[in-house]
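*Asks:* Mind having a look at this structure? Questions to follow.
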Amino acid sequence: MKMKGLYTGNNEGQGGLMVLGVLEFSSIAIGIKALDEMVKIAPVRIIEAKTICPGKYLIVFSGDVASVEYSFNKGCETGKNFIVDRLFLPMAHPDVIPAIGKVVATDDWNAIGIIETLSVVSGIEAADLAAKKSNVKIIEIRLAIGFGGKSYVKLVGNLDAMEVALEAGTAKARSKELLCMSTLIPQPHPEIKPYFLLTGE
């Protein structure tokens, strides 16, 4: 069964690390203004640019190191006090970009991990750290659409790897006081897999 939002193809980030920038604004108007100025200053690829709950604006973008850095700095300059959270990743894990707002197909069903954060930026950061630290697969990085501005990350892998990944993924969000909850489910029942792979959109 092919579900809406299920990612099955290749992505340019696979096979190597990528440059990623993420900005989350408390003002939609400022977010759109920042988006315009960011694409004017450097040739970046916009992955997501949208309103998210509750009344925030999210920009996710990629490109070469210099372009992403120029755009990131311009967005920060424009956003100033309206920036909720920010992330500049010059070496993003290749699993991150395909999983942003989409579900990545997998046959693995050993252990699953979920990290729930209070900002989208922290969710993306948690996913990147988890995948870099341990051999787990990022299945989805859910954006803050319809649940109070929170984000969550779905991971699959073996139990030992998942324990390490969750510890690494939650540490930064916890230090920023943006961690809501994390959980590990060893040997999840096959009955829940179709629901785990739904995007909810």
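*Asks:* If you take the residues in segment 91-105 that are assigned to a loop (DSSP other than H, G, I, E, B) and closer than 29 Å to Ala66 by Cα, which one is nearest to the chain's Cα centre (by Cα)?
*Replies:* Across segment 91-105, the extreme among qualifying residues is Gly101.
*Asks:* Test Phe82 against the criterion of being under 28 Å from Ile41 (Cβ atoms), in contact (Cβ under 8 Å) with a residue 12 or more places away in the chain, of a type in the set (Phe, Trp, Tyr) and buried (at least 19 other Cβ atoms within 10 Å of the Cβ), and give yes or no.
*Replies:* yes
For every residue, the table says whether it meets (1) under 14 Å from Ile47 (Cβ atoms); (2) of a type in the set (Lys, Arg).
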residue: Phe72; (1), (2): yes, no
residue: Leu87; (1), (2): yes, no
residue: Val96; (1), (2): yes, no
residue: Ala99; (1), (2): yes, no
residue: Lys102; (1), (2): yes, yes
residue: Asp107; (1), (2): no, no
residue: Gly113; (1), (2): no, no
residue: Glu116; (1), (2): no, no
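*Asks:* Continuing with this model, one more query. Within segment 40-70, track down each residue that is crowded, with 18+ Cβ neighbours inside 10 Å, more than 15 Å from Leu87 (Cα to Cα) and out of contact with any strand residue (DSSP E or B) (no Cβ under 7 Å at 6 or more places or on another chain).
*Replies:* Once the filter is applied, which keeps residues that are crowded, with 18+ Cβ neighbours inside 10 Å, more than 15 Å from Leu87 (Cα to Cα) and out of contact with any strand residue (DSSP E or B) (no Cβ under 7 Å at 6 or more places or on another chain), segment 40-70 yields only Ala42.
*Asks:* When you go through (1) of a type outside the set (A, V, I, L, M); (2) within 25 Å of Arg86 (Cβ to Cβ); (3) part of a strand (DSSP E or B) one by one for Glu177, which number turns out not to apply?
*Replies:* (3)
*Asks:* Here is a follow-up. Is it fair to say Gly123 is on the phi > 0 side of the Ramachandran plot and either in contact (Cβ under 8 Å) with a residue 24 or more places away in the chain or among the small types (Gly, Ala, Ser) (or both)?
*Replies:* For Gly123, the condition - on the phi > 0 side of the Ramachandran plot and either in contact (Cβ under 8 Å) with a residue 24 or more places away in the chain or among the small types (Gly, Ala, Ser) (or both) - is not met.
*Asks:* If you don't mind, another one. What's the total number of residues in segment 79-109 that are farther than 24 Å from Gly55 by Cα and not aliphatic (A, V, I, L, M)?
*Replies:* Qualifying residue count, segment 79-109: 9.
Each row is one residue, and each column tells you yes or no for (1) in a strand (DSSP E or B); (2) at pLDDT 95 or above; (3) crowded, with 20+ Cβ neighbours inside 10 Å; (4) assigned by TED's automatic domain parsing to the domain that holds Leu87.
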{"residue": "Asp107", "(1), (2), (3), (4)": "no, no, no, no"}
{"residue": "Ile112", "(1), (2), (3), (4)": "yes, yes, yes, no"}
{"residue": "Ile115", "(1), (2), (3), (4)": "yes, yes, yes, no"}
{"residue": "Glu125", "(1), (2), (3), (4)": "no, yes, yes, no"}
{"residue": "Leu129", "(1), (2), (3), (4)": "no, yes, yes, no"}
{"residue": "Ile139", "(1), (2), (3), (4)": "yes, yes, yes, no"}
{"residue": "Ile145", "(1), (2), (3), (4)": "no, no, no, no"}
{"residue": "Gly148", "(1), (2), (3), (4)": "no, no, no, no"}
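*Asks:* In the set Val153, Val84, which member is among the β-branched types (Val, Ile, Thr), within 19 Å of Val60 (Cα to Cα) and not assigned by TED's automatic domain parsing to the domain that holds Leu184? Break it down stepwise before answering.
*Replies:* Details: Val153 fails: not assigned by TED's automatic domain parsing to the domain that holds Leu184.
Answer to the check: Val84.
*Asks:* Another question about this same structure. Of the residues that sit in segment 22-34 and are in contact (Cβ under 8 Å) with a residue 40 or more places away in the chain and part of a helix (DSSP H, G or I), which one is nearest to Asn73 (Cα to Cα)?
*Replies:* Ala34
The values are calculated or read from the model by the stated rules, or taken from the named source; none is laboratory data. It should be emphasised that the depicted structure is a prediction, and the values quoted were computed from it without experimental measurement. When we count neighbours, we look across all protein chains shown, and the Cβ atoms used for this are built from the backbone with ideal geometry, even at glycine.
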